[in-house]
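> Structure provided below as structure tokens; questions to follow.
The values are calculated or read from the model by the stated rules, or taken from the named source; none is laboratory data. These numbers come from a predicted model, not from an experiment. Here the Cβ positions follow ideal geometry from the backbone for every residue, glycine too, while neighbour counts run over all protein chains shown.
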Amino acid sequence: MTGLIILAAGPSTRLGKPKQLLQYKGESLISRAVRAGKEAGCDPIITVLGAHSEKIHEEIDSDTAQIIQNQNWEEGIGSSIRAGLSKLLKLHPEIYETIIMLCDQPFVDSILLENIIRKRRSTGKEIVASAYGDTVGVPVLYSKICFPELLALKGDEGAQKLLFRHLQEVTTVPFPKGVVDIDTAEDYERLK
């Protein structure tokens, strides 16, 4: 069983409006993220909301994704990872892996998520990250062995540091379009 945690709690300060609600190819970025997870067979799907949650909540198919409110979203991404993983483990304590992703990478699709899951099965590695540009990053699959470290993240500390701490346990899948994420109005204009 592969869970999926979609981090969507940020305030989109640089954009000036909730990026989770931006439309791309006829659907919002948050809806695209949830659909990709569902089509890849991820279960359960946890969507972590914070800023603008009332507006974003309406865009999410609650039959597909569990929606949780991170009351501490202003603390940073670490708090959203903790909130999402805590809910995942409460629902399914037996779960052995989860993918963490953001909703602002419009080219994440079910094929990429399936490739990440397949790579874990074929290599047995504890962490499978997406490779783009000159970096590795989200979406990232973490095995249960990583859960204690994910639950210990603080503030604006993301999970990427685990990749560097456990290099021998990391493998990657290519995701060239991963360099595209939406943080500013200019980013969105380029996407359109």
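> Filter the range 140-192 down to the residues that are of a type outside the set (Gly, Ala, Ser), free of Cβ contacts under 8 Å to residues at least 60 places away in the same chain and part of a strand (DSSP E or B) and list them by number.
Across the range 140-192, the qualifying residues are VAL140, TYR142, VAL170, THR171, THR172, PRO174.
> Residues being over 23 Å from HIS92 (Cβ atoms) and surrounded by fewer than 18 Cβ atoms within 10 Å (Cβ to Cβ): count how many of those fall in the range 23-50.
5
> Another one. Taking the stated definitions as given, is LEU29 farther than 24 Å from LYS144 by Cα, aliphatic (A, V, I, L, M) and modelled with pLDDT of 95 or more?
On the way: farther than 24 Å from LYS144 by Cα: yes; aliphatic (A, V, I, L, M): yes; modelled with pLDDT of 95 or more: yes.
So LEU29 fits the description; yes.
> A further question follows. Within the range 17-65, can you find the residues that are touching a strand residue (DSSP E or B) at 6+ places or on another chain (Cβ under 8 Å), among the hydroxyl-bearing types (Ser, Thr, Tyr) and assigned to a strand (DSSP E or B)?
Matches in the range 17-65: THR47 only.
> Go over the candidates VAL170, VAL180 one by one and state the one that is more than 14 Å from PRO106 (Cα to Cα), in contact with a Leu (Cβ under 7 Å, 6 or more places away or on another chain) and surrounded by 11 or more Cβ atoms within 10 Å (Cβ to Cβ). Please lay out each step first, then the result.
Details: VAL180 fails: more than 14 Å from PRO106 (Cα to Cα).
Going through VAL170, VAL180 in turn, the sole match is VAL170.
> Then there is this: If I filter the range 69-79 for residues that are acidic (Asp, Glu), touching a Gly at 6+ places or on another chain (Cβ under 9 Å) and crowded, with 20+ Cβ neighbours inside 10 Å, do I get at least one hit?
no
> May I ask you to list the residues in the range 94-148 that are buried (at least 19 other Cβ atoms within 10 Å of the Cβ), among the small types (Gly, Ala, Ser) and either at pLDDT below 95 or more than 24 Å from ALA83 (Cβ to Cβ) (or both)?
Passing the criteria: only GLY137.
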